[in-house]
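Peer 1: Dropping the structure in here first, questions after.
The values are calculated or read from the model by the stated rules, or taken from the named source; none is laboratory data. Predicted model only: the values in this text are computed from it and were never measured. No Cβ is skipped: glycine too gets one built from the backbone with ideal geometry, and neighbour counts run over all protein chains shown.
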C-alpha cells in the first residue's frame, strides 16, 4: 500500500532469507548481540567527590523549577515523587531560609498538585500526570505506584512542617486506595483506566468521562448558594474550563475539570463573606459528598485488578509509614494484610522466590529485581511501624534471594532479570528514576538500612558498589537518579538507631515511640527491645541488644551511633532533657 510492503509480504521475505541464508543471519545476529552486550557494560569507578552529585542535582532542579505552578519543566508534568524525597533531605543540610530554598520548592509543588485537576477532589487520589504546566487537565488514569509514592511525599512534608493540610492529603489518598484499589484478600490493584462510557446506555468511551462535570450538572445537584460557592472555588464555568490546547480530541469540550482557584479564605472573600470561612468550608465538604454520590452512579473506568508484587511493596510502605506517623491502626492493618497476601499468594513456598503478579489465582512467574527491592523496602518500613520481627526476618530472607538471583559479582549492581531467563538475550540494569524508582536505587537504600539495623557490613559494601557502578550517571546527570541520590545522601550522613526497651502496647513504651517519631529524621532507625522473640532475633545479629533493658521497670529509650548506645532515658527524663 502506498508503495510500502505489507506485513504478510515482509513475513514471507523473512522466511525466505531464513531458509536460504540462515548461517549469515545467525552470524549477524551474534554480532549485533555482542555489540549490545558491549554497550551495556559500564566501568565502575569511585566518585571523586561524593557530595558533588547532591549539589549538582539540587542546582538542576532549582533551574527547572516552575515558580508559578510548582513542579519542574513545562508540560506534560509528572509528579516524580522521588525528586521531592531528595529535595526534602537536601533542604535539611542546605536551606538557610525556609521561605527561599529547596523546602519551599517541595511545599509549593505539593500544594499546587493538591489544588490542581491532577488531584481527584471528590474521590481522592491522584491521576497519572498533567497535560499542562498548571496541573489542571490530567491524563485521568490512576496508578497504584503514584498513590503510594505521593502518600509518602505528603507524609514527609507533614513531618517537616506539621501542617494538617498535608496529613489531610495523605488520608485522602489512602482512603481512595482502601475504597477502590484494595482486593478482598488485602492486596492492592494496579490501576484505574482514564476513559469510561459517556453514560449508561452509551457505547462510546471518552477520556475523563467519569470525572468531569458540566456547570448545569452541578447547578442541578446543589442548592443555589451551595452551587455558587462550589463553582467559584473549583473554577466551574458555563462553557467548561478546559483550554482547547489541552484537549486536542475535543472530549472535554463544555466540561469542567475541578481545580481549586485559591484557599477557602480567598473564596469566602471573593464572594463577600470573609467572616464565614468555616461555613464555606462546611458547604464545600457537603457539596463534595453530594457530587461524589452522583458520580458513583456513572459507569466507572475499567479496573486493572492485577496485583503486582512491586507496586504492592510501594503501597505497603505508604500504609505502614502513614500508620506509624499518624497513629492510625487501620493503616497498619492494611499494610500487614497486603504483606500477608503477598507472602501467601505471590511467594513460592519452597524456594521463597517471588512471583511477578497475581490475578484470580493465576500467577505470572519470574519476579524481577524491582519486585524484591520494593517489597523489601515495604517490609523494612512495616517492621519500623509495627515492630513485628516477622517482617524484618522476611526482608532479610528476600534480600538473600535477591542477591543470589540478580547481583552482578563482577561489575556490581543488580540486573533487572534473573539469570537463565530463556526469553531474554541481554540482562540489563535499570538506572533511571522516573515515574517509578529503579530497582538499584531502592536496593541501595535497603542495603544501607540493613547495615544500620543489623550491622551488616556486606550490605553496606554492596550499596557502595552500586554507587561505583552508577558513578558516570551521578557525575554526568545526577538529576536522572533522585532516588539513588536519597541513598547516596543517606550513606554520607550520620546515622543513628533509637532503641526502645519496653512492652509493645504499654503506655510508657508507646509514649516513647511517639516521641521518637516526632519530626523528620530520615537517617534514624527505630527498633524495639521487647524482651521477647524479636529482641532475641536482633541480639543474634547485634550482641549488644542483649543488654538493652527498661529502667527499674519503666520503658527506656537508647540512642545509639555505630551500635554504641548512650545512657538510657525514661520518658520523664527525656521530657526534661527536651525541655
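Results for (1) over 26 Å from residue 156 (Cβ atoms); (2) out of contact with any strand residue (DSSP E or B) (no Cβ under 8 Å at 6 or more places or on another chain), shown as yes or no for each residue.
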position	(1), (2)
308	no, no
311	no, no
328	no, yes
336	no, yes
347	yes, no
352	yes, yes
369	no, no
381	no, yes
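Peer 1: Select, from 56, 112, the only residue that is outside the structural domain of residue 236 (by TED's automatic domain parsing), assigned to a helix (DSSP H, G or I), touching a residue at least 40 places away in the same chain (Cβ under 8 Å) and more than 23 Å from residue 442 (Cα to Cα).
Peer 2: Values: 56 fails: more than 23 Å from residue 442 (Cα to Cα).
Going through 56, 112 in turn, the sole match is 112.
Peer 1: Tally up the residues in region 142-169 that are assigned to a loop (DSSP other than H, G, I, E, B) and in contact with a strand residue (DSSP E or B) (Cβ under 6 Å, 6 or more places away or on another chain), please. I'd like the intermediate steps shown before the answer.
Peer 2: Of all residues in region 142-169, those assigned to a loop (DSSP other than H, G, I, E, B) come to 162-163.
Within this subset, residues satisfying the condition of being in contact with a strand residue (DSSP E or B) (Cβ under 6 Å, 6 or more places away or on another chain) are none.
Result for region 142-169: 0.
Peer 1: Please verify whether residue 68 is assigned to a loop (DSSP other than H, G, I, E, B), at pLDDT 90 or above, out of contact with any strand residue (DSSP E or B) (no Cβ under 7 Å at 6 or more places or on another chain) and more than 30 Å from residue 469 (Cα to Cα), treating the condition exactly as stated.
Peer 2: Numbers: assigned to a loop (DSSP other than H, G, I, E, B): yes; at pLDDT 90 or above: yes; out of contact with any strand residue (DSSP E or B) (no Cβ under 7 Å at 6 or more places or on another chain): yes; more than 30 Å from residue 469 (Cα to Cα): yes.
For residue 68, the condition - assigned to a loop (DSSP other than H, G, I, E, B), at pLDDT 90 or above, out of contact with any strand residue (DSSP E or B) (no Cβ under 7 Å at 6 or more places or on another chain) and more than 30 Å from residue 469 (Cα to Cα) - is met.
Peer 1: Please find, within region 492-523, the residue that is nearest to the chain's Cα centre (by Cα) out of those that are surrounded by fewer than 18 Cβ atoms within 10 Å (Cβ to Cβ) and under 16 Å from residue 86 (Cα atoms).
Peer 2: Step by step, filter region 492-523, then rank; the result is 522.
Peer 1: Please determine whether any residue of region 525-537 is under 29 Å from the mean Cα position of the chain (by Cα) and without any contact (Cβ under 8 Å) to a residue 12 or more places away in the chain. Working first, answer last.
Peer 2: Filtering region 525-537 down to residues under 29 Å from the mean Cα position of the chain (by Cα) leaves 525-528, 534.
Still in the list and also without any contact (Cβ under 8 Å) to a residue 12 or more places away in the chain: none.
Looking for residues that are under 29 Å from the mean Cα position of the chain (by Cα) and without any contact (Cβ under 8 Å) to a residue 12 or more places away in the chain, one finds none in region 525-537, hence no.
Peer 1: Considering only region 433-471, state which residues are assigned to a loop (DSSP other than H, G, I, E, B) and within 22 Å of residue 492 (Cβ to Cβ).
Peer 2: Here is the first cut: in region 433-471, the ones assigned to a loop (DSSP other than H, G, I, E, B) are 433-438, 455-456, 470.
Listed by number, the residues that qualify are 433, 437, 438, 455, 456, 470.
Peer 1: Checking the structure you have, find out if any residue of region 247-265 is without any contact (Cβ under 8 Å) to a residue 40 or more places away in the chain, in contact with a helix residue (DSSP H, G or I) (Cβ under 9 Å, 6 or more places away or on another chain) and in a helix (DSSP H, G or I).
Peer 2: yes
Peer 1: Taking residue 403 as the residue in question, decide whether it is without any contact (Cβ under 8 Å) to a residue 60 or more places away in the chain and surrounded by fewer than 19 Cβ atoms within 10 Å (Cβ to Cβ).
Peer 2: Values: without any contact (Cβ under 8 Å) to a residue 60 or more places away in the chain: yes; surrounded by fewer than 19 Cβ atoms within 10 Å (Cβ to Cβ): yes.
Against the criterion (without any contact (Cβ under 8 Å) to a residue 60 or more places away in the chain and surrounded by fewer than 19 Cβ atoms within 10 Å (Cβ to Cβ)), residue 403 qualifies.
Peer 1: For region 24-44, enumerate the residues that are surrounded by 12 or more Cβ atoms within 10 Å (Cβ to Cβ) and either modelled with pLDDT of 75 or more or farther than 28 Å from residue 462 by Cβ (or both).
Peer 2: If the condition is that a residue be surrounded by 12 or more Cβ atoms within 10 Å (Cβ to Cβ) and either modelled with pLDDT of 75 or more or farther than 28 Å from residue 462 by Cβ (or both), then 25, 33 are the ones that fit.
Peer 1: Test residue 547 against the stated conditions and say whether it is at pLDDT below 95, exposed (fewer than 14 other Cβ atoms within 10 Å of the Cβ) and within 29 Å of the chain's Cα centre (by Cα). Reasoning before the result, please.
Peer 2: Details: at pLDDT below 95: yes; exposed (fewer than 14 other Cβ atoms within 10 Å of the Cβ): yes; within 29 Å of the chain's Cα centre (by Cα): no.
Judged against the criteria, residue 547 is not a match.
A quick yes/no check of all residues on (1) surrounded by fewer than 23 Cβ atoms within 10 Å (Cβ to Cβ); (2) out of contact with any helix residue (DSSP H, G or I) (no Cβ under 6 Å at 6 or more places or on another chain):
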residue: 337; (1), (2): yes, yes
residue: 345; (1), (2): yes, yes
residue: 352; (1), (2): yes, no
residue: 374; (1), (2): no, no
residue: 380; (1), (2): no, no
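Peer 1: Still on this structure: If you take the residues in region 218-229 that are in contact (Cβ under 8 Å) with a residue 40 or more places away in the chain and part of a helix (DSSP H, G or I), which one is surrounded by the fewest Cβ atoms within 10 Å (Cβ to Cβ)? Break it down stepwise before answering.
Peer 2: First, pick out the residues of region 218-229 that are in contact (Cβ under 8 Å) with a residue 40 or more places away in the chain: 218, 221-222, 225-229.
The next check asks that each one be part of a helix (DSSP H, G or I); those that pass are 218, 221, 225-229.
Details: 218: 21, 221: 17, 225: 10, 226: 17, 227: 18, 228: 15, 229: 26.
Among those that are in contact (Cβ under 8 Å) with a residue 40 or more places away in the chain and part of a helix (DSSP H, G or I), it is 225.
Peer 1: Do we find that residue 500 is part of a helix (DSSP H, G or I), under 20 Å from residue 453 (Cα atoms), in contact with a strand residue (DSSP E or B) (Cβ under 7 Å, 6 or more places away or on another chain) and at pLDDT 95 or above in this structure?
Peer 2: On the way: part of a helix (DSSP H, G or I): no; under 20 Å from residue 453 (Cα atoms): yes; in contact with a strand residue (DSSP E or B) (Cβ under 7 Å, 6 or more places away or on another chain): yes; at pLDDT 95 or above: yes.
No, not satisfied.
Peer 1: Would you mind stating whether residue 300 is surrounded by fewer than 23 Cβ atoms within 10 Å (Cβ to Cβ), outside any helix (DSSP H, G or I) and at pLDDT 95 or above?
Peer 2: Yes.
Peer 1: Residues in region 552-579 that are touching a residue at least 40 places away in the same chain (Cβ under 8 Å) and not in a helix (DSSP H, G or I): how many?
Peer 2: Count: 12.
Peer 1: So, in region 67-94, exactly how many residues are farther than 19 Å from residue 484 by Cα and within 22 Å of the chain's Cα centre (by Cα)?
Peer 2: 7
Per-residue answers, yes or no, for (1) modelled with pLDDT of 95 or more; (2) surrounded by 19 or more Cβ atoms within 10 Å (Cβ to Cβ); (3) within 30 Å of residue 310 (Cα to Cα):
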| site | (1), (2), (3) |
| --- | --- |
| 195 | yes, no, yes |
| 236 | yes, yes, no |
| 242 | yes, yes, no |
| 272 | no, no, no |
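Peer 1: Suppose the filter is assigned to a helix (DSSP H, G or I) and either assigned by TED's automatic domain parsing to the domain that holds residue 570 or surrounded by 14 or more Cβ atoms within 10 Å (Cβ to Cβ) (or both); does residue 540 pass it? Walk me through it before giving the result.
Peer 2: Details: assigned to a helix (DSSP H, G or I): yes; either assigned by TED's automatic domain parsing to the domain that holds residue 570 or surrounded by 14 or more Cβ atoms within 10 Å (Cβ to Cβ) (or both): yes.
For residue 540, the condition - assigned to a helix (DSSP H, G or I) and either assigned by TED's automatic domain parsing to the domain that holds residue 570 or surrounded by 14 or more Cβ atoms within 10 Å (Cβ to Cβ) (or both) - is met.
Peer 1: Being modelled with pLDDT of 95 or more and assigned to a loop (DSSP other than H, G, I, E, B): is that true of residue 3 here?
Peer 2: So residue 3 does not fit the description; no.
Peer 1: Please tell me if residue 270 is over 25 Å from residue 192 (Cα atoms) and touching a helix residue (DSSP H, G or I) at 6+ places or on another chain (Cβ under 8 Å). Can you show your working first?
Peer 2: Details: over 25 Å from residue 192 (Cα atoms): yes; touching a helix residue (DSSP H, G or I) at 6+ places or on another chain (Cβ under 8 Å): yes.
Yes.
Peer 1: A further question on this structure: Considering only region 211-238, state which residues are out of contact with any helix residue (DSSP H, G or I) (no Cβ under 7 Å at 6 or more places or on another chain) and within 16 Å of residue 295 (Cα to Cα).
Peer 2: Just the residues of region 211-238 that are out of contact with any helix residue (DSSP H, G or I) (no Cβ under 7 Å at 6 or more places or on another chain), to begin with: 211-214, 216-217, 220, 223-225, 228, 234-235.
Listed by number, the residues that qualify are 211, 212, 213, 214, 216, 217, 220.
Peer 1: Which of the numbered conditions does residue 132 fail, given that it passes all the others? Conditions: (1) surrounded by fewer than 19 Cβ atoms within 10 Å (Cβ to Cβ); (2) in contact (Cβ under 8 Å) with a residue 60 or more places away in the chain; (3) in a loop (DSSP other than H, G, I, E, B).
Peer 2: Failed condition: (1).
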